[in-house]
1. Would you tally the net charge around B:A180, using a Cβ to Cβ cut-off of less than 15 Å, leaving B:A180 out, and scoring K and R as +1, D and E as -1?
2. Accessible area per residue for chain A in Å², computed with a 1.4 Å probe and the full protein assembly in place, what is it?
3. With springs connecting C-alpha atoms under 10 Å apart, model chain A as a Gaussian network and identify which of A:L148, A:L17, A:L103 has the largest mean-square fluctuation.
4. State whether the range A:148-192 is rounded, prolate or oblate according to the following rule on the C-alpha gyration tensor (a ≥ b ≥ c being the square roots of its eigenvalues): a/c under 1.5 gives rounded; otherwise a/b larger than b/c gives prolate, and the remaining case gives oblate.
5. Just going by the charge dipole of chain B, with Lys and Arg at +1 and Asp and Glu at -1 on Cβ, which of B:V131, B:T149, B:A253 is farthest out on the positive end?
6. Considering only protein heavy atoms, with the full assembly of protein chains and a 1.4 angstrom probe, order B:D68, B:D173 by accessible area, largest first.
7. Got a number for the accessible area of B:F111? Probe 1.4 Å, square angstrom, nearest 10.
8. Specify the residue with the greatest mean-square fluctuation among A:L229, A:L35, A:L259, computed from a Gaussian network of chain A linking alpha-carbon atoms under 10 Å apart.
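The values are calculated or read from the model by the stated rules, or taken from the named source; none is laboratory data. As the structure is a computational prediction, the values presented were derived from the model and not from experiment. Neighbour counts are summed over all protein chains in view; Cβ atoms, including those assigned to glycine, are modelled from backbone coordinates with ideal geometry. Keep in mind that these areas ignore ligands, DNA and RNA; they rest on the heavy atoms of the full protein, side chains included. Shrake-Rupley method; radii C 1.70, N 1.55, O 1.52, S 1.80 Å.
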Protein chains: 2
Amino acid sequence: MMSGMRATEQTGARAPLARPVVSLVGAGPGDPELLTLRAVERIRSADVILVDRLVDARILSFARSDADIQQVGKSRGEHSVPQSEINRRLIALARAGLRVVRLKGGDPFIFGRGGEEAAALRAAGVDVEIVPGVSAALACAASAGVPLTHRGDAQSVTFVTAHAALGTEPDLDWPALARANQTVVVFMGVGVAPLIEARLLAAGRAGDTPVVIVENGTRLNERILRTPLGALGACVSGEGVAGPAILIIGECAAHGDVLALANARQEIDA
Amino acid sequence: MMSGMRATEQTGARAPLARPVVSLVGAGPGDPELLTLRAVERIRSADVILVDRLVDARILSFARSDADIQQVGKSRGEHSVPQSEINRRLIALARAGLRVVRLKGGDPFIFGRGGEEAAALRAAGVDVEIVPGVSAALACAASAGVPLTHRGDAQSVTFVTAHAALGTEPDLDWPALARANQTVVVFMGVGVAPLIEARLLAAGRAGDTPVVIVENGTRLNERILRTPLGALGACVSGEGVAGPAILIIGECAAHGDVLALANARQEIDA
């Protein structure tokens, strides 16, 4: 129970586990201060950590100095290590009695393929613990000061991914996403920003609908841009948005004052 | 920078702030281990904390022994302290140079009225820091082992609230919510479970669509129930679901094995 938070136990393996178990841990959006206490404890006590490219390197500083950290390089659906090999490694390591952490950016159950990994592990007789994390959607909204729901502006919020197989279109319900009075958060949408703009406008969303783009959210190189929906594609290309980014589309995106937020944090941290 | 995590500084006020600032902090779903490091640091250094009824009491144990903790009792939209009075207090306390934390269940920007409080503070010249939290939706999904998105099952996830003014219906787009291949997460839906069932079925959602109900998610009295959509109302009344609960509706809700998840955590924590 949070022992890892009080002790400074940075080295030394704990006793092997009697049953094969994997912790599927949400690493949050990037900023290590947005890790949960349980995530920190799991990282600190891990013998081995399989980590995606989207996980910020500062987060791994919580690991034991003798922990085996394996980069499996998954990023935007491209795997440097194939999913089947990731599953195979997790199963073998867990069966060896090791404390295995599978560390995923954001929350493992929001576009993280956590459900697929959990199913593969369970099918192999490996129990899985899920440690939820702060989704990039929530963290980017906080960075921009943009509420995802707001009386009068948005009664609901929908998370979608615009990632699609090469050469295909994302399979999204554009008419439903184009309705007013809701917030749409797009993961992995930067590469297809002109398509998102075109499809939402064609489905009836107003061209002056506010959009916030949060690139590298909560990381040291975070950048926040604002554009009307009708200029989304031009904004992404004109500003050279290239890092992982979240798009927040809807009336709520008109809120927020990034400078005031930054001033507030600076004052509190001083 | 995480100084509060290393020191054990449970008493003693810090220097007053030079500018009026409030931290709007997501307290997560209930389990204190799901607090972020930044949330813990803000709670530890607060002079005064205004807290909603939905925030778990264990979380307040991180506060300084001499902190002024004010219960403002907001729960399901009913305020024991009116919103205007909450805003007035936050502004006055911040102007007095105190370290003020406004602690809200889950994430402040998902059905937390955080946007409204931030706007009121900013209008009064008080800067606001937003500390995102683990939304109850994500934590309940993790507890139940239910991924909110999953290849083949759900390309998107929508969060809605079923809360409505007394005697009125929630203003929701039922046809959009009734489409297959998506997950719908309903906040504050227990009281209107029969209505949700009826409206989604009328809009064409299949009666055998799986639903998971997570009552008191991540708290010591957490309860997880499974039902087909066509028996949602009967399940809620038959099982006497009365606490704060999240409904997860969609094909994804067929996943998960609560016993295996509990076994996994027990093994790791041992």
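1. -2
2. 36
3. Answer for the Gaussian network model of chain A: A:L17.
4. Prolate, because a/c is 1.5 or more and a/b exceeds b/c.
5. B:V131
6. Values: B:D68 70, B:D173 50 Å².
From most accessible down to least: B:D68, B:D173.
7. Roughly 40 Å² of B:F111 is accessible to a 1.4 Å probe.
8. Of A:L229, A:L35, A:L259, the Gaussian network model singles out A:L259 as fluctuating most.
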